[in-house]
Amino acid sequence: MRISLMLAGLLTAHAALAQPKTADPRPFAATITETDLKTHLYTVAGAEMEGRETATEGQRKAAAYIEQHFRNLGLNPGTASGYQMTFPVYRDSLVGSRMVVNGKTLQVNTDFQPVMMFSHNQTQYFSEVVFVGHGIVDEGYDDYGTEDVHGKAVLLLEGAPSTYKPKTPGFNSPANTFSKIRNAQKKGAAAVLVVGTGFPRRPLTPVGNMYTELFKASLPPNTYMISEQTATLIAGTGFAAWREKGRAEALKPAVLNTEAELEFQKVTRFLESTNVLGVLEGSDKKDEYLVLTAHYDHLGKRGDVIYYGADDDGSGTVGVLEIAEAFVKAKQAGKGPRRSILFMTVSGEEKGLWGSEYYSEHPTIAIDKITANLNIDMIGRVDTERSKPDTLNYIYVVGDDKLSTELKPVSESVNGKYVKMTLDYKFNDPNDRERIYFRSDHYNFARKGVPIIFYYDGMLKADYHKPTDTPDKINYPLLAKRARLVFHTAWEMANREAMIKRDLPLPTLER
């Protein structure tokens, strides 16, 4: 018995000695400097990059710069084909549109305007149009009544009656025009005519918005905004009375005997964008990964005006570049991470989290082998609406209370030991009206079950999504300190014995 206990003790001691001893990360964190961050950012958010809009030459230049940095560091390519992961992007150009009602040819922009994002190449001929009030469909409320509009054109009013109270407010309200079009599609409508204001309107830009979903299970109905005069031509003189009555109450559907010819033509351009991926291989746990992300795209140019995007998210992008360099220097010193680290800058975030969504659906790493994702989106400025005395020593930490009970203890322990910033949890509030948790690239990892922490400086109203978000306005000492916090947190996660546990449910985003 005594021999067994002695052997057990010796084995335990040997196992403890065999555990890799984590090196001091502070010398490597110190390599993340204000000077290097500034040098990178004046390039990434410089005029040559033209605002880095997704699927443009400026974005491609930024991707090339990031790739070259990863190459210079000696990171491995993150995909089988290289450092860049390509994903498809599409953009429509308007060819023309035509509307004829009861034999009268109407003028585009004066009498009607097609909605390019919902419409597809088609010429339609209708012998009747169904008026469906405001086109609202909600719990216990349906402007369509029992009317079957399958394969038909529907005419509807913008807005809602003053007596209508939606079950879901905001963008997802059934009174929102987008919701009305979706409901018309569910009802089987072939075309939607929305009576709008502001006619005559400025001509449509010949090039539409970008998108990533070309192939769809079903197509939305071709949609046109029309003037009140056009609505009167369709519905007759009774339209004015409907319009007035509809301000306060729901209207009954009505079938209108009207001949309408609707034509829409566009061409689709096939574009592409990329995420940039570099991998630092780990040691004894190299088959497990930590993922660090930031989006390098921004809004591009409007005419000759450049939207530089220095804070959003040039600051996060250069943070990833410097953190990657710090880890490479640690490995060169024989103190590399146990787990492999994927450093990834993504594009398409400003369009709707496209790059990170594409990666989440086409991962280069098994999702269950990712211990966590640390995402950086804006860490170079100070929240102008923040009045606390620690204004120059804070960072908003988002998502550390979700998916894993280990995230917050790890984050707070690292911060308390090395950086000592104020960690502000304002945006962890489930009632956060900004819905920040759902609005950056970490969410596409979280929805797959990967624990995440999102680092954020707050929405700067004065410069957010404006041409004035420039590199000269960045607080570089604060940017460096925040980047070091992310580095220290990454160091702990890459070297701890066990992966971050997944033991909390994912909050859901209502769409």
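Nothing in this text is a laboratory measurement; each read-out follows from the coordinates by a stated rule. Nothing here was measured: the structure is a model prediction, and the numbers come from that model. When we count neighbours, we look across all protein chains shown, and the Cβ atoms used for this are built from the backbone with ideal geometry, even at glycine.
Which order results if K301, K104 are arranged by neighbouring Cβ count within 10 Å, fewest first? Show your work: numbers first, answer last.
Details: K301 16, K104 10.
Ascending number of Cβ neighbours within 10 Å: K104, K301.
Would you mind checking K165/K448; K165/K252; K448/K481; K61/K448; K61/K329; K329/K351 for any pair whose Cα atoms are more than 24 angstrom apart?
Details: K165/K448 35 Å; K165/K252 18 Å; K448/K481 30 Å; K61/K448 31 Å; K61/K329 26 Å; K329/K351 35 Å.
In this structure, K165/K448; K448/K481; K61/K448; K61/K329; K329/K351 lie more than 24 Å apart at Cα.
Assuming R0 = 41 Å, what is the FRET efficiency of E158 and E34, from their Cβ-Cβ distance, to the nearest 0.05?
On the way: r = 51 Å, r/R0 = 1.25.
So the FRET efficiency works out to roughly 0.20.
Which whole-number percent gives the relative contact order of segment 104-258, counting Cα pairs below 8 Å spaced six or more residues apart? Show your work: numbers first, answer last.
Numbers: 267 pairs, mean separation 58.0, N = 155.
Relative contact order here is 37 percent.
Taking 0.36 nm per residue of sequence separation and removing the Cα-Cα distance, the E385/N102 pair yields an extension gain of 96.2 nm. Considering only alpha-carbon pairs that sit under 8 angstrom and 6 or more positions apart, the relative contact order computed for segment 356-441 is 31 percent.
Fewest first, what order do E350, E53 take by the number of other Cβ atoms within 10 Å? If you can, show how the numbers build up before the last one.
Numbers: E350 21, E53 24.
Placing the least packed residue first, the sequence is E350, E53.
Applying 0.36 nm per residue to the separation of H465 and L271 and subtracting their alpha-carbon distance, the gain on full extension is 67.5 nm.
Between Q332 and Q68, what's the calculated FRET efficiency when r is the beta-carbon distance and R0 is 22 Å? Round to 0.05. Before the final figure, lay out each step's value.
On the way: r = 19 Å, r/R0 = 0.86.
According to the calculation, E is roughly 0.70.
The candidate values were (1) 82, 57, 39; (2) 64, 56, 42; (3) 98, 59, 49; the one computed from these coordinates for Cα extents along the principal axes in Å carries the label (3). Taken as entire DSSP H runs, the helices of the chain that both span 18 Å or more between Cα atoms along their own long axis and average 0.5 or more on the Kyte-Doolittle scale are 2-18, 316-332. Label sites at Q124 and L219, each approximated as a point 7 angstrom past Cα along Cα to Cβ, lie 1.0 nm apart.
Sketch the reach of a paramagnetic label on R26 as a point 7 Å from Cα along Cα-to-Cβ, and name the residues of segment 382-419 whose backbone nitrogen lies under 15 Å away. In segment 382-419, the label zone of R26 (backbone N under 15 Å from the point 7 Å along Cα→Cβ) covers 414-419. Residues within the reach of a label modelled at D472 (point 7 angstrom out along Cα to beta-carbon, backbone nitrogen below 19 Å), restricted to segment 361-392, are 380-382.
When shorter helices are ignored and each DSSP H run of at least 4 residues is given -39500 (n - 2.57), the per-residue value for the chain at 222 nm works out to -8000 deg cm²/dmol.
Dipole size of segment 104-258 about its Cα centre, with +1 on Lys/Arg Cβ and -1 on Asp/Glu Cβ: approximately 220 debye, rounded to the nearest 20. Going from the fewest other Cβ atoms within 10 Å to the most, the residues F270, F126, F131 appear in the order F270, F126, F131.
Each residue, E259 and D432, gets one label point 7 Å from its Cα in the Cβ direction; the gap between the two is 5.8 nm.
Electrostatic bookkeeping for Y296 treats Lys and Arg as +1 and Asp and Glu as -1; over the other residues with beta carbon under 10 Å from its beta carbon, the sum is -2.
Would you mind calculating the relative contact order of the chain from Cα pairs under 8 angstrom and at least 6 residues apart, reporting the percent as a whole number? Relative contact order of the chain: 20 percent.
Where in segment 156-190 does the label zone of E228 land, with the point 7 angstrom along Cα→C-beta and an amide N cut-off under 20 Å? Label zone hits: 156-163, 177.
Once the Cβ-Cβ distance between R247 and N172 is put in as r, and R0 is 41 Å, what FRET efficiency do you end up with, to the nearest 0.05? It would help to have the intermediate numbers written out before the result.
On the way: r = 23 Å, r/R0 = 0.57.
The calculated FRET efficiency here is 0.95.
3J(HN,Hα) along segment 338-346, derived from phi through the Karplus expression 6.51 cos²θ - 1.76 cosθ + 1.60 where θ = phi - 60°, amounts to 6, 8, 6, 10, 9, 9, 9, 9, 10 Hz, with x in place of Gly and Pro.
Work out the length of the dipole vector of the chain about its Cα centre, built from +1 on the beta-carbon of each Lys and Arg and -1 on the beta-carbon of each Asp and Glu, and round it to the nearest 20 debye. Present the calculation step by step, with values, prior to reporting the outcome.
Details: 61 positive and 63 negative charges, 165 e Å.
The dipole of the chain has a size of about 800 debye.
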